[in-house]
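K.L.:
For reference, the structure I am asking about is given below.
The values are calculated or read from the model by the stated rules, or taken from the named source; none is laboratory data. Just so it is clear, the structure is predicted and the values come from calculations on it, not from any experiment. With ideal geometry, Cβ positions are generated from the backbone for all residues, glycine too; neighbour counts draw on all protein chains shown. All accessible areas refer to the heavy atoms of the entire protein, side chains included, with ligands and DNA or RNA removed. Shrake-Rupley method; radii C 1.70, N 1.55, O 1.52, S 1.80 Å.
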Amino acid sequence: MKTVDKQFIIETLTFFKDLNQEQQKLLLENISSFNYGKGDIILSPMYECIGVLMVKSGQLRVYIISEDGREITLYKLEAGDACVLSAACLLQSISFDVYIESVEDTEVYLLNISTFSRLIRENVVVENFSLKNVVSKFSDIMAGMEKIIFSSIESRLRDFLLIELESSSDESIRFTHEEVASYIGSAREVVSRTLKSFANKGLIEQKRGQIKIINKKALENIL
């Protein structure tokens with residue numbers, strides 16, 4: 001069995017220091033490590049409440065699916081992030097059906113639901129951590145929804161490309177049009193049409209599964 005990185009747990013689950021020795025021991029004994037590949041589904045409304053997810057490395061995407069089958073990304077989980085929505089069944093008055101997908105090869109730690117449930121009952125600091133985590137994520141969700149409702153497709157696509165460019169080493173972004181659409185809450189056809197417009201303006205070049213930024217300054221000025 002793989003050894004759990006205790007220091008990572010302490011830094012990620014900030015309530016750890018407020019647990020007594022028995023509770024700390026219980027927590028560490030009930031954390032498991034899992035590895036997922038790109039596109040693996042970790043959580044969906046069909047799954048049972050699984051517990052608290054912590055991203056050790058890689059990246060996860062939290063999203064919903066609209067009635068017409070369109071995926072709408074709510075937020076991402078990066079290395080060092082914890083996700084309590086995967087244990088939302090324990091939090092009163094919260095009912096939120098989400099999907100969690102691995103964006104790339106990702107290692108996660110999982111604190112199982114029974115242990116998390118016990119810690120919430122025994123220690124109010126754990127419950128406070130959970131509620132703060134959910135409130136923080138809902139703030140991200142509201143910011144994303146605000147963009148979808150009030151921002152143009154051009155500005156949403158511009159923001160997505162510029163954000164992803166920050167982690168690129170060669171000015172290229174490796175996403176399909178379908179993936180881009182799911183991230184910015186649009187339809188693939190609309191994204192394809194807008195990317196073509198960007199290309200015609202000399203802002204980007206497109207290859208299969210890849211978008212290369214060739215005029216960042218002009219892209220930043222897109223309204």
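K.L.:
Averaged per residue, what accessible surface does the range 1-137 expose to a 1.4 Å probe, in Å²?
P.N.:
About 51 Å² of surface per residue is accessible.
K.L.:
By DSSP, what percent of the beta bridges with both residues in the range 5-85 are antiparallel, rounded to the nearest 5?
P.N.:
100 percent
K.L.:
How many nm is it between the label spots at SER168 and ILE149, if each spot is 7 Å from the Cα in line with the beta carbon?
P.N.:
It works out to 3.1 nm between the two label points.
K.L.:
Follow-up question, since we're still on this one. Show that you can apply the helix-only estimate: for the chain, add -39,500 (n - 2.57) for every DSSP H stretch of four or more residues, divide by all residues, and state [θ] at 222 nm to the nearest 500.
P.N.:
-12500 deg cm²/dmol
K.L.:
For the chain, what is the Kirkwood hydrodynamic radius in Å, using each pair of distinct C-alpha atoms?
P.N.:
Every distinct Cα pair counted, the radius reaches 19.0 Å.
K.L.:
Now a separate question. How far is the Cα center of the range 98-151 from the Cα center of the range 32-88, in Å?
P.N.:
Centre-to-centre distance over Cα atoms comes out at 9 Å.
K.L.:
FRET efficiency for VAL125 and ALA79, Cβ-Cβ distance as r, R0 = 25 Å, nearest 0.05?
P.N.:
0.55
K.L.:
Would you work out what percent of the accessible area of the chain, with all protein chains in place, is carbon or sulfur (probe 1.4 Å)?
P.N.:
Whole-percent figure for carbon plus sulfur exposure: 48.
K.L.:
Sticking with this one: Note down the nm distance, to one decimal, between modelled labels 7 Å out along Cα→Cβ at LYS38 and at GLN7.
P.N.:
About 3.1 nm, to one decimal.
K.L.:
Among the aspartates and glutamates, select those whose C-alpha is under 20 Å from the C-alpha of LYS217, and discard any that sit fewer than 8 residues away in the same chain.
P.N.:
GLU154, ASP159, GLU164, GLU166, ASP170, GLU171, GLU205
K.L.:
Run down the lysines and flag those whose C-alpha is under 17 Å from the C-alpha of LYS6, throwing out any fewer than 8 positions away in its chain.
P.N.:
LYS17, LYS25, LYS56
K.L.:
On a full-extension model of 0.36 nm per residue, what is the gain between VAL135 and ARG118, subtracting their alpha-carbon distance, rounded to one decimal in nm?
P.N.:
Taking VAL135 through ARG118 to full extension adds about 4.0 nm, to one decimal.
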